[in-house]
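Taken together, the values in this text are just the output of simple stated rules run on the coordinates, not laboratory data. Nothing here was measured: the structure is a model prediction, and the numbers come from that model. Virtual Cβ from ideal backbone geometry, glycine too; neighbours counted across all protein chains shown.
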Amino acid sequence: MQNFALLSLSSLIGKTNCHPYPRSSSSRHSPPAAPIILAVMLLFVGAAVTFTAGGAAAESYPITFQDDLGQVFTLKAKPQRIISLAPSLTEILFALGLGEQVVAIDSYSNYPPATADIEKVGSGLQPSIERLVALQPDIVFLWDLATEDLQRQLQRVNIVAVTFAPQTITQVMDCIRRIGEITGTTAAAAEVVAGMQKTIDQVAALTAGIKVKPKVFFEIWPDPLMSAGPGSFVHELIGLAGGENVAGDTKTAWPVISVEHVVLKNPDVILTPFDQTMTVVYGKNKAWFAGVNAVKNGRIHQVDQDLISRAGPRMTEGLLLIAKSLHPELFP
C-alpha cells in the first residue's frame with residue numbers, strides 16, 4: 001500500500017550532475033514552463049499531456065507532444081525503455097500492457113505484484129540520477145510535484161522526463177489516453193478508460209435516486225487532520241458514491257481541517273485508510289467525537305488507501321469501496 005506518511009508529506013509534496021549521453025530516439029525542445037508548487041500535499045495528482053497541432057496519429061512516430069509543465073518533446077520511435085517515478089503512473093503503464101518495457105520504478109510502486117521484480121531507483125522526489133542515466137530510458141514519467149531541482153538534473157543529463165498532473169476523474173482518464181498515445185498503446189488505453197467509465201456509470205445509476213445522502217468525512221491524513229475538498233477526485237468519488245462530502249465547503253483540494261469543523265458537520269460516515277485512527281485521532285478527541293453520528297452508529301470504515309489515493313485505473317475500485325461503505329444495501 002502506498003504510504004501516506006511518506007508520500008503525502010514527501011512524494012506528495014510531490015513534483016549529481018552526471019555526464020549526459022546522446023539520445024537517438026527523442027529530443028527536448030524547451031525547458032520547463034512553470035515552477036512546481038511544493039506545498040501541495042497529495043500524491044494523488046497526475047495530468048493530461050496535450051498534443052501539439054502537428055502531433056502524429058495514434059501509434060505513428062515521430063510524435064510531438066507537450067506535458068503539463070509546458071515542456072515540448074518529440075519521440076522519434078516507440079519508447080522501449082520506460083521509467084515510472086510514481087505509483088499511479090506505474091499502475092497505468094502496467095494496465096496498458098507495458099510491464100515488459102518498464103525498466104525501473106520508484107520505491108513506492110507496489111502494484112501489480114510484478115513490480116516486486118523491477119529495479120527501484122528511489123523515491124519520486126529523490127531518485128538516483130546515476131541509475132537513471134545508466135538505465136538509458138527512452139522516457140521517464142513524473143508527477144507534477146517533482147522538484148524543480150530534479151527537473152533540472154534530468155534536463156542536464158538529457159533525459160526525457162514527462163510530467164503529469166490530473167486532479168479530476170476526467171483528467172485521470174485523459175491522462176491514461178495520452179500515455180497510450182505516447183507509448184503506442186491507444187487501443188489498450190481506450191479499453192481501460194471504457195472499463196472505468198462503465199463502473200462509474202453503474203455506480204451513478206444506483207445512487208442517482210438517493211434523496212438523503214449521508215454526510216461523509218474522508219480522512220486523508222491524521223496529523224494535521226486533512227481531508228479532500230472541491231477540485232480533488234476523492235471529492236468526486238464521494239459524490240458519485242452517493243455521499244455528501246463534509247469538506248465540500250473548503251477552498252482547496254486537500255485542506256487541513258479542524259476537529260471542530262468535522263464535529264460541527266456531524267458526519268454520518270467516516271472513511272479512513274489508517275487502522276490507528278480511532279486511538280490516535282478520535283481517541284484523544286473522544287469527548288469531541290462522542291456525539292458524532294458516525295461514532296455513535298459505528299460507521300467508521302477503514303478503506304484501502306491505494307485504491308482511493310492513486311490517480312490511476314483502480315480508482316473506480318475505490319469508488320465501489322466508498323459506495324459499499326455508504327450504501328451497503330445497494331452494494332452488497
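Quick one: what do you get for region 202-326 if you divide its Cα Rg by 2.2 N^0.38 Å?
0.98
What ranking of Y61, Y282 emerges when the number of other C-beta atoms within 10 Å of each C-beta is taken as an exposure proxy, fewest first?
Listed from fewest to most nearby Cβ atoms, that is Y61, Y282.
Quick check on the exposure proxy: order K251, K78, K286 from fewest to most C-beta atoms within 10 angstrom.
Least crowded to most crowded, the residues run K251, K286, K78.
Near the amide H of F274, under 5 Å away, which other amide H atoms are found, from residues 5 or more places off or on another chain, if H is placed in the peptide plane?
Amide H neighbours of F274, under 5 Å, 5+ apart: V303.
Pop out the ³J(HN,Hα) list for region 125-138 in order, Karplus 6.51 cos²θ - 1.76 cosθ + 1.60 with θ = phi - 60°, rounded to Hz; leave Gly and Pro as x.
Along region 125-138, the couplings run 8, 9, x, 6, 5, 4, 5, 4, 5, 4, 7, 6, x, 7 Hz.
Once phi is turned into ³J(HN,Hα) by the Karplus curve 6.51 cos²θ - 1.76 cosθ + 1.60 with θ = phi - 60°, what whole-Hz value does each residue of region 184-198 show in order, with x for glycine and proline?
Per residue, the Karplus-derived 3J(HN,Hα) values read x, 10, 5, 5, 5, 5, 4, 5, 4, 5, 4, x, 4, 5, 4 Hz.
Sort D249, D117 so the one with the fewest other Cβ atoms within 10 Å of its own Cβ comes first.
D117, D249
Quick query: amide H of N245 versus all other amide H atoms, modeled in the peptide plane; which residues come in under 5 Å with a sequence gap of 5 or more or a different chain?
V216
Output wanted: per-residue J couplings in Hz (rounded whole) for region 240-250, from phi through Karplus 6.51 cos²θ - 1.76 cosθ + 1.60, θ = phi - 60°, x for Gly and Pro.
So the J values, rounded to whole Hz, are 5, 7, x, x, 10, 6, 6, 9, x, 9, 7.
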